[in-house]
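The values are calculated or read from the model by the stated rules, or taken from the named source; none is laboratory data. Source: prediction; values computed, not measured. Here Cβ is always computed from backbone atoms with ideal geometry, including for glycine, and neighbour counts include all displayed protein chains.
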Amino acid sequence: MIFDALAVAGAYLVGLEPRNDDRGFFARSFCAHEFAERGLKDTFVQANLSHNPHRGTLRGLHYQRAPHAEAKLVRCTRGALFDVVVDLRPGSPSYGRWAGAELSADNRRALYVPEGCAHGFETLVDDTEASYLVSAFYAPGAEAGMRWDDPQLAIDWPITPPARISPKDATAPLFKEYNA
């Protein structure tokens, strides 16, 4: 696997190293040893699937508060999306910064989101699916969110305003209201 560091400390774009032959290719999409060697979470306890029928659907920015903070490994399995990670870890060298990347069924890249970061995505085409592994079980009392359009974060979303967003995500708190 290929790990490319992003502007958020501990966040990576994870690419495949396919082994090709006349049948197609084979590649590892996750390896606990390779993740552990980089100090990344190497145990995931839950797998989630998000289907989004419409282009311009925005989900996020979501996170779970400690002690239920979760790392995520996000992959687009159908369509294309713009995936974003925001550093909410006080003391981190990238605190308050974001990084984003296009994930698609064609490029087969994944985004590793470290614990203590918010995550969200916007679909770039109709009929997009995201599949992601998470390192902590869902804890409803620890669920939290941050505004997608926070001027302090200034995330450069590809489709603005989004075509679809939940009322909860549209009215989430701003970064300046964040309390770790």
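With respect to residue 65, determine if the residue is surrounded by fewer than 23 Cβ atoms within 10 Å (Cβ to Cβ), within 22 Å of residue 4 (Cβ to Cβ) and out of contact with any Ser or Thr (no Cβ under 7 Å at 6 or more places or on another chain).
No; evaluated as a whole, the condition is false for this residue.
Select from region 127-152 the residues that are of a type outside the set (Gly, Ala, Ser) and buried (at least 19 other Cβ atoms within 10 Å of the Cβ) and list them in ascending order. Quick ask: steps written out before the conclusion?
Of region 127-152, the ones of a type outside the set (Gly, Ala, Ser) are 127-129, 132-134, 137-138, 140, 143, 146-152.
Correct list: 128, 132, 133, 134, 146, 147, 148, 150.
Within region 19-53, work out how many residues are assigned to a strand (DSSP E or B) and within 24 Å of residue 82 (Cα to Cα).
Counting residues in region 19-53 that are assigned to a strand (DSSP E or B) and within 24 Å of residue 82 (Cα to Cα) gives 7.
Which of the residues spanning region 153-180 are closer than 14 Å to residue 96 by Cβ, surrounded by 14 or more Cβ atoms within 10 Å (Cβ to Cβ) and in contact with a Leu (Cβ under 7 Å, 6 or more places away or on another chain)?
If the condition is that a residue be closer than 14 Å to residue 96 by Cβ, surrounded by 14 or more Cβ atoms within 10 Å (Cβ to Cβ) and in contact with a Leu (Cβ under 7 Å, 6 or more places away or on another chain), then 175, 178 are the ones that fit.
Residue 91 - would you say it is at positive phi and free of Cβ contacts under 8 Å to residues at least 40 places away in the same chain?
yes
For region 72-85, name all the residues that are over 9 Å from the mean Cα position of the chain (by Cα) and crowded, with 23+ Cβ neighbours inside 10 Å.
Once the filter is applied, which keeps residues that are over 9 Å from the mean Cα position of the chain (by Cα) and crowded, with 23+ Cβ neighbours inside 10 Å, region 72-85 yields 76, 81.
Could you list, in sequence order, the residues of region 88-99 that are surrounded by fewer than 23 Cβ atoms within 10 Å (Cβ to Cβ) and within 12 Å of the chain's Cα centre (by Cα)?
99
I need a count of the residues in region 149-178 that are closer than 28 Å to residue 40 by Cβ and out of contact with any Lys or Arg (no Cβ under 9 Å at 6 or more places or on another chain).
The total comes to 6.
Can we say residue 13 is modelled with pLDDT of 95 or more, surrounded by 15 or more Cβ atoms within 10 Å (Cβ to Cβ), of a type in the set (A, V, I, L, M) and within 24 Å of residue 127 (Cβ to Cβ)?
yes
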